[in-house]
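Notes follow the structure.
The values are calculated or read from the model by the stated rules, or taken from the named source; none is laboratory data. Predicted model, so just to flag it, every value in this text is computed and none were measured. Heads up, the Cβs are rebuilt from the backbone with ideal geometry, glycines too, and the neighbour counts pull from every protein chain shown.
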Amino acid sequence: MGRTLGQTTRFVASHPIAVLLIAVVLLGGGLAVGDDLETLADSEEFIPQDLPAYVDLQQFRTVTDGGSAVQYDMLVTGSDIRDPATLQWMERYRQVASDKPLIDGMQTPATLIKQHNGGEIPATEAGVKRVLDDVPASERANFYSDGYAHITIFGERNMNTDELLDFLAIAESSSELTRPPAGLTAELTGQAAVSTPSIVTQIETRNVTTGLGVLFVFGALLLYYRNLIRAIAPLVPMLFVIGWQNLYMSALSIPVSPLGASLGAMSVGIGAEYTIIVMERYFEELGQSGVSRLDAIETAGARVGKAITVSGLTTVFGFSALTLSPFPILGDFGYLTVGVIFLTLVAAILTLPPTLILLGRVSDFVENTVANRRGIAIQGDPDEVKADD
């Protein structure tokens, strides 16, 4: 196995431009399909669809024509939450929002006041206070408590993730459109209004997270090696894996979940370990007298390629247990992790050698240019004859 890996690394290192060109094309394809990947943001899709409790819930929804409408709370804060101007705004907000799609209705403190005052909103705050004093405390607590006013918004039944995000956006934009009085703040609250947007944001910013992972690893390598080539080389294969990962997910129809969104940064950290081990052995071999770059990369592939392959495969088989999970979010994460770790191994073995050779040539070109200015030229084939890196 070691000999085969050594011969393989020498072969790909002998054709650096062709190998890296193929890798770049696949990277571009992965980036192109990245935006078209499905997402798994609905928490109900995280669990097995045949879970007894979930089946009972679905049956209840069927019997009740989809179940009760989903309620969302809007918290209104300010010093004048009982002021007639505030109540007039709430009524305008209710009328505007109720005509929007996905919103089935709304109850506001203005609704309560009108219900107990003949359909009218009092002209003075004192009048509002008199009406509220006549309202039963339990009913009043649904709209006023702890110095806050509560607005209840009813959304359509069984909204999917995109519809829920549209619903929340409509509710907030309608509030801004009706211009609440100065000093008044109205915000959607509760788990339903926070969890799904947070999950979607995490998924949409996964590339930022991955980019930060690459940047942090690059900074650590540059700080340690104080050499630009040695800081860049281990990360080039990991950049390829980021794009290849999207192709893998697209081929197997694996959606992007909150767990999968963080895997890009994880793959950079895990994969960099493999590439650093190979690179270190390569430079150790290259430091010996009379050893060419191709000889060094072949020896490195033969000596440590077997070790990182076995290490990677044990990780693959360990994470493969997750693929047996009945929970879709864990099962998909298992398939994704297995695939990504395998791709990091492939990238470390097939794209790191040509990367090292190509970067070595760039280094030679720079050194040769500087040397020519000083009247000294580097002689010989930089790949077949040992070069100082």
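Looking at THR185, THR205, THR201, THR210, just one residue is in contact with a strand residue (DSSP E or B) (Cβ under 7 Å, 6 or more places away or on another chain) and more than 18 Å from LYS100 (Cα to Cα), and that residue is THR185. Taken over the stretch 326-367, residues that are more than 27 Å from MET249 (Cβ to Cβ) and either surrounded by fewer than 16 Cβ atoms within 10 Å (Cβ to Cβ) or basic (Lys, Arg) (or both) amount to 4. If you go through the stretch 210-268 and keep only what is under 17 Å from ALA348 (Cβ atoms) and either basic (Lys, Arg) or not in a helix (DSSP H, G or I) (or both), you end up with just ARG230. Taking the condition in contact (Cβ under 8 Å) with a residue 60 or more places away in the chain and over 17 Å from MET74 (Cβ atoms), does PRO122 pass? The answer is no for PRO122. Number of residues in the stretch 27-44 that are surrounded by 17 or more Cβ atoms within 10 Å (Cβ to Cβ) and part of a helix (DSSP H, G or I) equals 3.
Residues that are among the hydroxyl-bearing types (Ser, Thr, Tyr) and under 23 Å from ILE229 (Cα atoms) occur at least once in the stretch 253-267.
Given the condition over 18 Å from the mean Cα position of the chain (by Cα) and modelled with pLDDT under 90, answer yes or no: does some residue in the stretch 233-246 qualify? Scanning the stretch 233-246 turns up no residue that is over 18 Å from the mean Cα position of the chain (by Cα) and modelled with pLDDT under 90.
Of everything listed in (1) of a type in the set (Ser, Thr, Tyr); (2) surrounded by 14 or more Cβ atoms within 10 Å (Cβ to Cβ); (3) assigned by TED's automatic domain parsing to the domain that holds PHE60, the single unmet condition for THR210 is (3).
When the test is whether a residue is touching a Gly at 6+ places or on another chain (Cβ under 7 Å), crowded, with 16+ Cβ neighbours inside 10 Å and assigned to a helix (DSSP H, G or I), THR323 does not pass it. For ARG82, the conditions (1) surrounded by 15 or more Cβ atoms within 10 Å (Cβ to Cβ); (2) modelled with pLDDT under 90; (3) out of contact with any strand residue (DSSP E or B) (no Cβ under 6 Å at 6 or more places or on another chain); (4) assigned to a helix (DSSP H, G or I) all hold with the exception of (4). Across the stretch 269-306, the qualifying residues are those that are in a helix (DSSP H, G or I) and polar (S, T, N, Q), and the one among them that is surrounded by the most Cβ atoms within 10 Å (Cβ to Cβ) is THR275.
Checked against the criterion of being modelled with pLDDT of 85 or more and either touching a Leu at 6+ places or on another chain (Cβ under 8 Å) or among the aromatic types (Phe, Trp, Tyr) (or both), the stretch 31-40 contains one or more residues that satisfy it.
Checking each residue of the stretch 173-183 against the condition of being under 17 Å from GLN71 (Cβ atoms) and in a strand (DSSP E or B) gives no match. Just name the residue that is surrounded by the fewest Cβ atoms within 10 Å (Cβ to Cβ) out of those in the stretch 155-194 that are closer than 26 Å to GLN245 by Cβ and in contact (Cβ under 8 Å) with a residue 60 or more places away in the chain. So, considering only residues that are closer than 26 Å to GLN245 by Cβ and in contact (Cβ under 8 Å) with a residue 60 or more places away in the chain, the one surrounded by the fewest Cβ atoms within 10 Å (Cβ to Cβ) is ASN160. All conditions but one from (1) touching a Phe, Trp or Tyr at 6+ places or on another chain (Cβ under 8 Å); (2) modelled with pLDDT under 90; (3) part of a helix (DSSP H, G or I); (4) more than 30 Å from LEU40 (Cα to Cα) apply to PHE365; the one that does not is (1).
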